[in-house]
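Some notes on the structure that comes next.
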Amino acid sequence: MKRTALLFLITSLLTIACNRGKDTIVIIPDIEKNHLQQNHLFGNIKEITTSQYITFVEHDSLTEVLVSSQWQHYSSDGYLKSVLTFDKKGDTILKEEIKYNQLAQTAQVISHEKRNKKTGEHSFSAFKYDNFGHKTEEKYYNNDSLYLTILYKTDNKGNVVELTQQYDSLSLKNQFFYNSNGLVEQTKELDPFGKLFKYTTFEYDNYGDEVNRRIYNSKNKQIEYTYTVYNQQGHLLRVIHEDLVHNLRSTVTYSLHDKQGNWTLAEYKKGEDLIYIKKRQFIYY
């Protein structure tokens with residue numbers, strides 16, 4: 001598809017997506033979103049099972065082969081509690097558990113533990129907060145060895161405005177900027193010398209859903225862009241990504257949804273070639 005045709009398609013779809021009727025518009029700031037809202041999920045979800053299949057044509061018909069699957073469990077207030085990842089045989093590969101501070105008024109993750117059942121590898125992350133409940137630090141361990149520390153600076157609402165990733169001999173910074181609705185409108189990535197490496201801009205529709213994401217290098221040249229399309233109810237329809245440096249395009253089409261509006265079938269294409277699909281099943285509280 002030529003660039004002009006692609007842009008016409010995107011513009012048409014975005015126009016449809018912005019006309020969602022006369023529903024009351026409530027935009028939730030990033031800092032107030034639970035994990036379900038952060039991932040554009042609807043309803044009081046308890047469990048999600050996601051299965052990934054590779055696809056190929058055999059005897060003039062499309063064949064699907066299961067590669068892996070993942071099970072996620074959420075609390076009744078929308079926060080991720082545990083994750084299990086399975087191989088194609090159904091054997092557990094990875095087990096993750098997220099623990100929260102039960103005494104805090106807002107959700108505070110205090111630890112995230114991962115165990116690889118096949119390799120025996122154990123990774124662990126610990127979190128710290130200030131007296132206002134704002135995140136200040138994360139430490140990441142692999143088999144009891146500290147390999148990464150992330151330090152956070154926040155505004156008076158708790159929004160992260162700067163994070164510093166500290167490795168053994170390397171330090172990297174990211175900066176975050178928010179619009180009047182409390183949504184991230186720009187991020188900046190700095191190199192180890194503190195100079196701008198690249199930055200990303202975000203645009204949202206009238207309902208606070210991300211529609212445009214553009215990435216630029218330090219010379220203000222656009223290197224990537226992503227368009228996200230929704231239907232009139234705000235359900236995810238399509239994500240189109242273009243790597244302008246390597247002239248590559250990928251598209252994810254979400255063609256089936258459940259009654260809550262969560263997608264149940266996603267098709268991943270590189271160019272015009274279908275690479276793999278994902279299927280999701282939901283259990284609600």
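The values are calculated or read from the model by the stated rules, or taken from the named source; none is laboratory data. The model shown is predicted, which means the values in this text are computed figures rather than measured ones. When we count neighbours, we look across all protein chains shown, and the Cβ atoms used for this are built from the backbone with ideal geometry, even at glycine. To get the accessible areas, we keep the full protein, side chains included, count just its heavy atoms, and leave off ligands, DNA and RNA. Shrake-Rupley method; radii C 1.70, N 1.55, O 1.52, S 1.80 Å.
Quick one: what does P(r) look like for the range 173-226 with 5 Å bins over all Cα pairs, in whole %?
Using 5 Å bins, I get a P(r) of 5, 20, 27, 22, 16, 7, 3, 0 for the range 173-226.
Charges on Cβ only, +1 for Lys and Arg, -1 for Asp and Glu, centred on the Cα centroid of the chain; of Phe127, Gly208, Gly261, which one is farthest towards the dipole's positive end?
Looking along the dipole axis, the top candidate is Gly208.
Let me know the whole percent of all Cα-Cα pairs from the range 120-165 that are separated by more than 13 Å. If you can, show how the numbers build up before the last one.
Numbers: 590 of 1035 pairs.
Everything past 13 Å amounts to 57 percent.
Kindly write out, for the range 137-149 in residue order, the coupling ³J(HN,Hα) from the Karplus curve 6.51 cos²θ - 1.76 cosθ + 1.60 (θ = phi - 60°), rounded to whole Hz, with x marking Gly and Pro.
7, 10, 10, 10, 10, 10, 6, 6, 9, 6, 10, 7, 10
Where does the longest stretch of the chain lie that holds no GluC sites (Glu not before Pro) found in a DSSP loop with 13 or fewer other Cβ atoms within 10 Å?
By the stated rule (loop sites, at most 13 other Cβ atoms within 10 Å), 122-271.
Highest GNM mean-square fluctuation, the chain, Cα pairs closer than 10 Å: which of Lys117, Lys157, Lys259?
Result for the chain, Cα springs under 10 Å: Lys259 fluctuates most.
Using the heavy atoms of the protein chains alone and a 1.4 angstrom probe, what is the accessible area of the range 201-282 per residue in square angstrom?
Per residue, the range 201-282 has an accessible area of 53 Å².
Of the accessible area of the chain, with the probe set at 1.4 angstrom, what percent is carbon plus sulfur?
50
Accessible area of Arg280, 1.4 Å probe, to the nearest 10 Å²?
30
Can you tell me which of Ile25, Ile54, Ile93 moves the most in a GNM of the chain? Springs connect C-alpha atoms under 10 Å apart.
Greatest mean-square fluctuation among the candidates belongs to Ile25.
Report which label in [x] 38; [y] 21; [z] 27 holds the value of percent of Cα pairs over 36 Å apart derived from the coordinates of this structure.
Recomputing percent of Cα pairs over 36 Å apart here picks out [y].
May I ask for the distance between the Cα centers of the range 64-104 and the range 244-284, given as a whole number of Å?
Here the two parts' Cα centres lie 20 Å apart.
Name all residues of the range 175-219 having a backbone nitrogen under 12 Å from the label point set 7 Å from the Cα of Tyr167 along its Cα→Cβ direction, giving them as ranges.
Counting backbone N atoms under 12 Å from the label point, the list is 192.
Over the chain, what is the relative contact order in whole percent, taking alpha-carbon pairs under 8 Å and six or more residues apart? Numbers along the way, then the final one.
Details: 619 pairs, mean separation 42.9, N = 285.
Taking the mean separation of contacting Cα pairs over the length of the chain, I get 15 percent.
How large is the convex hull of the Cα atoms of the range 133-250 per residue, expressed in Å³ as a whole number? Numbers along the way, then the final one.
On the way: hull volume 20.2 nm³, N = 118.
Expressed per residue, the convex hull around the Cα atoms of the range 133-250 is 171 Å³.
So if I place +1 on the C-beta of Lys and Arg and -1 on the C-beta of Asp and Glu, and nothing else carries charge, what would the dipole magnitude of the chain be about its Cα centre? I want it in debye, nearest 20.
160
Over 32 Å between C-alpha atoms is what I'm after, so list which of Lys89/Lys153; Lys221/Lys259; Lys88/Lys135; Lys195/Lys269; Lys81/Lys195; Lys114/Lys279 land there.
Beyond 32 Å: Lys89/Lys153; Lys221/Lys259; Lys88/Lys135; Lys195/Lys269; Lys81/Lys195.
What do you reckon, how do Asp30, Asp87 stack up by accessible area (1.4 Å probe), largest on top? Don't skip to the end; give the middle numbers.
Details: Asp30 45, Asp87 20 Å².
The ranking, largest first, comes out as Asp30, Asp87.
Give me a comma-separated list of calculated 3J(HN,Hα) values for the range 96-109, in order, Karplus coefficients 6.51, -1.76, 1.60 applied at θ = phi - 60°, integers in Hz, x for any Gly or Pro.
So the J values, rounded to whole Hz, are 10, 9, 10, 10, 10, 6, 6, 8, 6, 6, 10, 5, 10, 6.
How much length is gained if the chain between Gln260 and Gln233 is pulled fully straight, taking 0.36 nm per residue apart and subtracting their Cα-Cα distance, in nm to one decimal?
Using 0.36 nm per residue and subtracting the Cα-Cα distance, I get 8.7 nm.
With an 8 Å cut-off on Cα pairs and a minimum separation of 6 or more residues, tell me the relative contact order of the range 93-142 in percent.
Relative contact order here is 28 percent.
Among Ile98, Leu172, Thr149, flag the residue with its Cα farthest along the positive direction of the charge dipole of the chain, charges on Cβ as +1 for Lys/Arg and -1 for Asp/Glu.
Leu172
Quote the Stokes-Einstein diffusion coefficient, in whole µm² s⁻¹, for the range 199-274, based on the Kirkwood radius over alpha carbon pairs, a temperature of 4 °C and a viscosity of 1.567 mPa s.
The diffusion coefficient I find is 96 µm²/s.
Taking the simple approach of a point 7 Å from Cα along Cα-to-Cβ for both Glu32 and Lys157, what is their distance in nm?
Between Glu32 and Lys157, the simple spin-label model gives 0.9 nm.
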